[in-house]
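Data block below; observations after.
The values are calculated or read from the model by the stated rules, or taken from the named source; none is laboratory data. Since we're looking at a predicted model, the values are computed, not measured. All Cβ positions, even for glycine, are placed from backbone atoms using ideal geometry, and neighbour counts span all protein chains on display.
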């Protein structure tokens, strides 16, 4: 059996590996390190949790042992799809390079540019970055990639899923064609294969496991149920999740719970906390400091349940995760492999539960086709039952009856007076002159009688008031209605002034015409 001491690594690296407690390399490490030390390009295809990080960091530290970095010109570059994975690679580098004088910088979003600029200005041997933040620094003129000797692309298939392939191609074109390239991916999609043929030079292809296989150390179970009603599916699925966690008891020392949507991550985490579970969310919309604090709590055991989006599904090295729960089946079947790969790592046993409804049938079919096996079916925890739809309907009817009886069951509740918006529509009143109705009954203003027309107008208003009294319908306003002041409904015009200048002017009421 091959040991790390059999590999041609720098003695300082071997010392750090031994101090970390490792003696025997994993299959991908044993196959990737020798050609990497020879300066060849390496194409590694392996499922998550197989030790890919050490398979490129150990030879990279050895190869960079000679030489010195120049300002703004890193000697090596490691590209990662997420901030968490980049931070984890940086931690591994610190572990394995602690006996060397190599320097590093971590360029990720959510961190101020200033501190990162200072590190780059001093010169770094290893630059670990996410594609977006790396290009931000390059476009600001703070970074040159012409001195890159070794370039690593980690989790390339995740890069594809996140839409980073155009950025990766651009970064490749910014680096020297004489660079050495390490390229790692769990699957080989056609787009990934195209990039490897374009930018890798006669690579050594290493495939340590069949593409998209699940680890034999993971006990899988699929729990299927039919929601009582479509609008209750989300709530009932949360109830199933809680029942599964409780059924596992003390064996569930910690767990990662995966949801497809960020908004569901928050809801599920809040629901678990409200039911007494020690849970917290992590997804891409959270502040970077909050994400790192949550991950640190999960690693040190102060947090038991981590509710996550797929941002946490790739590359996070937390060896002692006992359980994984797929609250949602992933829409991309490859994500199923990466999710459940968070447990059963480093030879440990793990359990992975997936919750599915009839709506998830197409996702389940795709997953089983990919992993080339049927996921074992599990059952709902003993004693857990979902309410029947009829029972729920009866409870809703009882609730409505209690509402109708009013407070403490003392007779019906008083009916609230309908507002104009709530009232039923009514037809507008039709009057002879097709004008809106007059104001509500009130002492009539003094009438101006001219040529006998005022008397007709007075009776016309009285008739309309009587009609309004007889109307027992609501007072919904149609148009301006009764809110129009009476004087606005008249048209006044002055007749010719009489010869006598002192006489009062005669007013003609046009409403009687």
Residues being under 21 Å from residue 53 (Cβ atoms) and assigned to a helix (DSSP H, G or I) - total across segment 173-194: 1
Test: residue in segment 245-267 that is in a helix (DSSP H, G or I) and touching a helix residue (DSSP H, G or I) at 6+ places or on another chain (Cβ under 6 Å): no
Qualifying residue in segment 69-85 (condition: farther than 28 Å from residue 161 by Cα and either in contact with a helix residue (DSSP H, G or I) (Cβ under 6 Å, 6 or more places away or on another chain) or free of Cβ contacts under 8 Å to residues at least 24 places away in the same chain (or both)): yes
Residue list for segment 48-66, restricted to those being in a loop (DSSP other than H, G, I, E, B) and in contact (Cβ under 8 Å) with a residue 12 or more places away in the chain: 48, 49, 50, 51, 64, 65
Count of residues meeting criterion [in a loop (DSSP other than H, G, I, E, B), surrounded by fewer than 19 Cβ atoms within 10 Å (Cβ to Cβ) and modelled with pLDDT of 75 or more] in segment 204-218: 2
Single unsatisfied condition, residue 5 versus (1) modelled with pLDDT under 90; (2) assigned to a helix (DSSP H, G or I); (3) within 30 Å of residue 340 (Cα to Cα): (3)
Segment 93-110, subset touching a residue at least 60 places away in the same chain (Cβ under 8 Å) and touching a helix residue (DSSP H, G or I) at 6+ places or on another chain (Cβ under 6 Å), residue surrounded by the most Cβ atoms within 10 Å (Cβ to Cβ): 96
Residue tally, condition closer than 20 Å to residue 293 by Cβ and out of contact with any strand residue (DSSP E or B) (no Cβ under 7 Å at 6 or more places or on another chain), over segment 93-107: 1
Residues within segment 279-309 that are touching a strand residue (DSSP E or B) at 6+ places or on another chain (Cβ under 6 Å) and in a loop (DSSP other than H, G, I, E, B), tallied: 1
Qualifying residue in segment 197-204 (condition: in contact (Cβ under 8 Å) with a residue 60 or more places away in the chain, out of contact with any strand residue (DSSP E or B) (no Cβ under 9 Å at 6 or more places or on another chain) and at negative phi): no
Residue in segment 332-346 that is surrounded by fewer than 23 Cβ atoms within 10 Å (Cβ to Cβ), out of contact with any helix residue (DSSP H, G or I) (no Cβ under 8 Å at 6 or more places or on another chain) and either on the phi > 0 side of the Ramachandran plot or assigned by TED's automatic domain parsing to the domain that holds residue 281 (or both) present: yes
